[in-house]
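Trainee: The structure is given below, and queries will be raised subsequently.
Since every read-out is calculated from the coordinates, none of them should be taken as a lab result. Keep in mind that what you see is a predicted model, and the values were worked out from it rather than measured. For neighbour counting, all protein chains shown are included, and Cβ atoms are generated from backbone atoms with ideal geometry for every residue, glycine included.
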Amino acid sequence: MWPTWMNMLGWWQWAILLAVPPAIISLYFLKLRRRPVEVPSTYLWSRSIEDLHVNSIWQRLRRNLLLLLQLLLLLLLIVALLRPAWRGEQLIGHRLVFLIDNSASMKATDERPNRLERAKRRALALVDEMRSGDVGMVISFADTARIEQMRTGDRAALGRAIRAIKPTDRSTSLVEALQVAAAQADPRQIAQAAEEENTTAVDSLPATAYILSDGGFGPVSESTLGNLRPVYIPIGRSSPANVAILTFAVRRHESQEDYLRALARLKNFSPKKVDVEVTLRLDGKLKDADRVAIEPGQTRRIAFDLGEVDSGVLRLSVAASDCFAVDDEAWVAVNPVRPAEVLLVTPGNQPLELALTTRSAAKLAHVVVEPTSFLKTQQYATAAAGGADDLIIYDRCRPTTMPQANTLFIGNVPPGEGWSRGEPVAAPRIIDTDPTHPMMQWLAMDDVVLREGRPIGVPPGGDILIDSDAGPMLVIAPRETFQDAATGFLLVEEEEGGQVGRTTWPIRPSFPMFVLNTLGYLGGGVQEPGHRSARPGHPITLEAATGGSISVVHPDGQATRLEAVRAGRRRFSATEQLGVYEVRSGGRTVSRFAVNLFDPRESDLAPRGALDMGAEKIAGRSGWEAARREIWRPLLLLGLFVLIVEWYIYNQRVSM
Amino acid sequence: MSTTSTLLSPELLARLEKMELLSRKIFRGRMKGERRSRRKGQSVEFADFRNYVPGDDLRFVDWNTYARLERLFLKLFLEEEDLHFYALLDASASMDFGEPTKLRYAQQLAAALGFVGLVRGDRVKIETLGQAAAARSSVFRGRRSMWRLFDHIESFVPGETVSLAQGVKNFCLRNSGKGIVVLIGDLMDKAGYEPALRYLLAQQMDVYVVQVLSAEEIDPELVGDLRLVDCEDGDQADVTVSAPLMKRYKQTLAAFVESARDFCTRRGMVYLLVRNEVPLEEMITDYLAQRGLIR
């Protein structure tokens with residue numbers, strides 16, 4: 001950083017000042033005028049001088065040294081008169097919170113070595129500016145916040161905490177970080193904490209939150225700020241080049257069930273058009289490659305036909321020379337197809353049983369049909385509580401307690417809270433379906449006629465899959481890690497003379513399709529081979545048929561042991577690394593899942609110039625107070641020192 | 001001839017009357033005097049016997065021995081002769097420094113020593129270095145010559161330009177006699193004092209070297225940037241007086257004095273350094289008496 005100067009003198013004063021060095025030099029060229037003194041004899045003097053003349057070069061140097069010292073002194077005075085100063089940064093307030101973004105986008109290398117290091121350096125510089133009595137706190141945040149250093153006046157501790165911050169692959173959310181910081185800044189909370197710690201309470205000064213981030217997060221409501229005064233320090237250069245993989249998934253081929261298809265979506269965040277090579281590898285071996293040109297700001301979809309793939313790890317990589325490598329790779333784990341265990345409890349349902357025994361359905365699921373009396377057996381109780389089945393279909397019956405499995409209730413609702421049924425309505429008309437839901441894909445329901453239906457009350461978090469003019473007819477809702485679906489209409493009904501159809505659906509082509517979708521979706525991960533994917537840092541539920549412990553091998557080879565939490569399901573949350581994780585049980589790989597970034601906000605590297613804080617927009621650096629750090633005092637002290645040295649040398653000087 | 005002199009005070013003269021010059025050597029004198037001589041002669045002090053040879057003065061035959069041994073022996077007596085005392089003064093311009101001037105001090109010293117010599121009947125010769133080789137100088141002998149001697153000494157004026165070596169050489173050419181010689185000067189000759197002293201040494205005289213230095217030379221009170229001008233040859237030395245230089249000067253002076261003392265001692269000469277501020281009486285009664293020139 002270059003110093004800024006301030007002129008203190010007028011032109012004629014400068015002229016006088018600048019005339020001094022030539023005057024000094026010319027004085028040195030003029031011989032010293034000596035006073036003649038007559039002495040009895042110069043004999044001894046000459047001899048004394050001769051002794052000192054032995055090192056006359058040193059004498060000459062010493063004389064020149066005096067000249068140089070005088071010139072140096074003058075130079076220092078001139079520079080001091082120019083009042084050089086560095087623009088320092090003055091911190092605002094005495095309570096400081098350093099919020100340092102360590103999300104995935106901070107790994108971008110547009111700043112050297114990367115944005116996080118840059119942010120850390122800026123934060124360290126700010127810590128250096130802290131005056132005595134200032135207290136600081138360090139919080140690192142991605143989608144969660146972490147207090148790296150509690151409030152302290154120890155600058156060394158703050159520096160250590162800042163230096164210790166590690167980058168993550170997570171997405172960004174400032175809300176939690178601000179909440180943590182605001183909690184610390186809130187004097188009431190601090191006072192409470194002080195009481196608890198039996199220390200003296202602190203006064204209620206607002207804190208300044210220095211947010212060192214690239215701003216890749218959503219709007220933050222103003223109320224989150226509390227007593228905080230935010231200062232946003234944007235990190236990152238404007239318009240860095242980046243091409244990101246936004247999605248990557250594997251689907252079954254529409255026409256050929258055995259064939260898989262890899263679908264990916266790429267986006268160009270660069271201001272220029274890019275031409276990138278995309279390669280797809282299966283278990284490390286090159287499977288396919290493509291070259292894609294993407295206009296700036298545009299998205300391109302690409303698809304690769306994979307053929308028959310039983311299992312393996314697909315890795316898609318974009319050979320883009322951009323400054324953000326995290327989003328240039330994506331993984332999909334194709335797990336071997338495991339038929340779902342499906343239990344159908346029914347007093348007898350011919351169309352459904354028929355649909356469950358098609359060739360396609362047989363591939364997806366192993367179906368066991370039991371009568372309703374089976375619900376009362378011990379065998380059912382054990383199987384339901386132990387999670388032995390992936391899906392239990394209750395046709396015109398319902399259990400007393402919900403099983404550890406996905407469920408589909410036909411003509412009934414689950415016995416849990418939130419579920420309710422209305423009065424029967426004759427001939428409700430289907431008016432809408434949700435084609436985006438996996439269970440309702442490719443279904444044409446307009447030719448389906450219902451004879452009677454009871455609208456279903458949607459529980460919290462539930463989705464309406466089939467809506468009618470009388471109310472929801474098919475609803476799905478989550479329960480812990482399971483999904484429960486319920487229909488408000490019956491498929492068949494027992495009457496005298498056998499089963500009578502209550503809807504035209506079983507004879508429509510959409511019915512077997514619906515059954516297949518249900519087996520795929522509720523049966524558990526067989527339909528979409530690549531659906532096992534998680535966001536970094538987010539937990540994932542792992543299923544394993546066997547009880548006991550399983551281990552998860554991370555992409556870097558590290559392994560984590562997991563004990564069964566409940567019914568063979570396990571929550572795994574150590575998904576910090578991007579890549580493919582292997583679930584191992586009994587020494588062999590049971591399944592794999594992938595952790596991918598897939599966050600357009602992280603991939604959009606352009607730093608935000610201002611933070612959106614509700615009604616208020618906080619511009620970057622708006623809170624900086626420029627402080628002029630003048631150095632004329634040390635310069636004058638140095639000049640005084642030079643003067644003393646010169647005087648000393650002059651007195652040591654002997655003769656020409 | 002004046003009968004007053006400022007050279008020596010009457011009190012000092014009174015003290016000097018009781019003194020005599022001493023020589024560490026026994027020289028042959030020129031005339032009868034009060035000094036024992038190498039020559040055998042007519043004193044009361046018996047020296048030796050020797051066989052009579054025809055032509056010897058019968059007055060010295062020891063008749064008592066002849067009566068006993070019937071052989072003729074001659075009785076020999078020690079001769080008592082006068083002593084030659086020379087004082088050689090440096091009257092160059094450099095001697096015109098100090099208070100009193102070094103020359104004045106040298107004159108007083110020469111006068112005092114010369115007076116002692118006169119009192120004891122010695123031959124006294126006081127000369128300056130600038131005296132030409134051929135020029136004869138007067139010899140003083142006997143108390144009567146005191147005022148003449150003083151006048152002679154008073155006539156010396158500073159400003160002679162002859163070098164120390166040349167002056168001493170001329171002196172040696174003029175005076176071949178043996179005796180005591182006292183060289184009084186500052187020895188500050190750029191060619192060195194050694195050749196001059198060697199000339200004196202070659203004369204086989206009893207040499208005393210008295211170096212007179214002024215207080216300005218021993219403790220110069222100089223300050224500032226100066227151009228030192230030699231009063232004799234006009235030689236210049238530019239100095240900036242500083243503590244190290246003064247230290248160096250004093251070291252040089254001490255080394256010079258020490259080398260002169262060493263030079264003299266090794267060659268049987270007596271060296272004496274005198275400041276012009278030392279009172280003459282103290283100088284004679286203490287310094288010279290200690291060195292054995294005077295008793």
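Trainee: Let me confirm one metric for peptide B:188-196, namely the mean number of other chain beta-carbon atoms within 10 Å of its residues' beta-carbons. Let's see the in-between values first.
Mentor: Numbers: counts 6, 2, 5, 1, 1, 0, 0, 0, 0.
Per-residue shielding by partner chains comes out at 2.
Trainee: Follow-up question, since we're still on this one. Output ³J(HN,Hα) for the stretch B:194-203: one whole-Hz value per residue in order, computed from phi by the Karplus curve 6.51 cos²θ - 1.76 cosθ + 1.60 with θ = phi - 60°, and x for Gly and Pro.
Mentor: 4, x, 4, 5, 5, 4, 4, 4, 5, 6
Trainee: Charges at C-beta only: +1 for Lys and Arg, -1 for Asp and Glu. How large is the resulting dipole of the protein assembly as shown about its Cα centre, in Debye rounded to 20?
Mentor: Working: 116 positive and 117 negative charges, 1185 e Å.
It works out to roughly 5700 debye.
Trainee: OK, next. Sorted by packing (mean other beta-carbon atoms within 10 Å per residue), highest first, where do A:296-304, B:230-238, A:390-398, A:119-127 land?
Mentor: Details: A:296-304: 14.3, B:230-238: 16.7, A:390-398: 22.6, A:119-127: 20.1.
Ranking the peptides A:296-304, B:230-238, A:390-398, A:119-127 by packing returns A:390-398, A:119-127, B:230-238, A:296-304.
Trainee: Taking amide H positions as placed 1.01 Å from N in the peptide plane, with prolines and chain starts having none, which residues 5 or more places from A:Phe98, or on another chain, fall under 5 Å of its amide H?
Mentor: A:Met137, A:Val138, A:Ile139, A:Tyr210
Trainee: Compute the distance from the alpha-carbon center of the stretch A:453-505 to that of the stretch B:67-129, in whole Å.
Mentor: After rounding, the separation between the Cα centres reads 159 Å.
Trainee: I've got another one for you. So who's got an amide H within less than 5 Å of the one on A:Arg421, skipping anything under 5 residues away but keeping other chains? H placed 1.01 Å off N, in plane.
Mentor: Counting only residues 5 or more places away or on other chains, the set is A:Gly457.
Trainee: Could the peptides A:600-611, B:83-94, B:194-205 be put in order, highest first, of the mean number of other beta-carbon atoms found within 10 Å of their residues?
Mentor: On the way: A:600-611: 19.8, B:83-94: 26.0, B:194-205: 17.4.
Order by mean packing, descending: B:83-94, A:600-611, B:194-205.
Trainee: Taking the alpha-carbon distance from A:Lys120 and a cut-off under 26 Å, which lysines remain once sequence neighbours fewer than 8 residues away in the same chain are dropped?
Mentor: Result set, ordered by chain and number: A:Lys107, A:Lys166, A:Lys617.
Trainee: Over all residues in B:94-104, what is the mean tally of Cβ atoms on other chains that come within 10 Å of each residue's Cβ? Before the final figure, lay out the partial values.
Mentor: Numbers: counts 4, 1, 1, 4, 1, 0, 0, 0, 1, 0, 0.
Per-residue shielding by partner chains comes out at 1.
Trainee: Is there a simple number for the mean count of other chain Cβ atoms within 10 Å of the Cβ of residues in B:209-218, and what is it? Walk me through the numbers before you get to the answer.
Mentor: Values: counts 0, 0, 0, 0, 1, 1, 0, 2, 5, 0.
Taking all residues of B:209-218 together, the mean is 1.
Trainee: Loop only by DSSP, 11 or fewer other Cβ within 10 Å of the Cβ. Give me the GluC sites (Glu not before Pro) in the stretch A:200-294 that pass, ordered by residue number. Provide the component values of the computation, followed by the final result.
Mentor: Numbers: sites: A:Glu222, A:Glu254, A:Glu257, A:Glu277; in loops: A:Glu254, A:Glu257.
The qualifying sites are A:Glu254.
Trainee: Okay, next question. Grab chain B and count how many Lys pairs have their alpha-carbon atoms under 21 Å apart, sequence gap of 8 or more, or different chains.
Mentor: Counting lysine pairs in chain B gives 19.
Trainee: On to the next question. Just order A:480-488, A:258-266 by mean Cβ neighbour count inside 10 Å, highest at the front, would you?
Mentor: A:480-488, A:258-266
Trainee: Could I ask something else about it? Kindly point out which whole DSSP H helices in chain A project their C-alpha atoms 27 angstrom or further along the helix axis while averaging a Kyte-Doolittle hydropathy of 0.0 or above.
Mentor: Values: long enough: A:11-29 (28 Å, 1.36); A:56-81 (37 Å, 1.63); A:632-652 (30 Å, 1.03).
Going by DSSP H runs, the hits are A:11-29, A:56-81, A:632-652.
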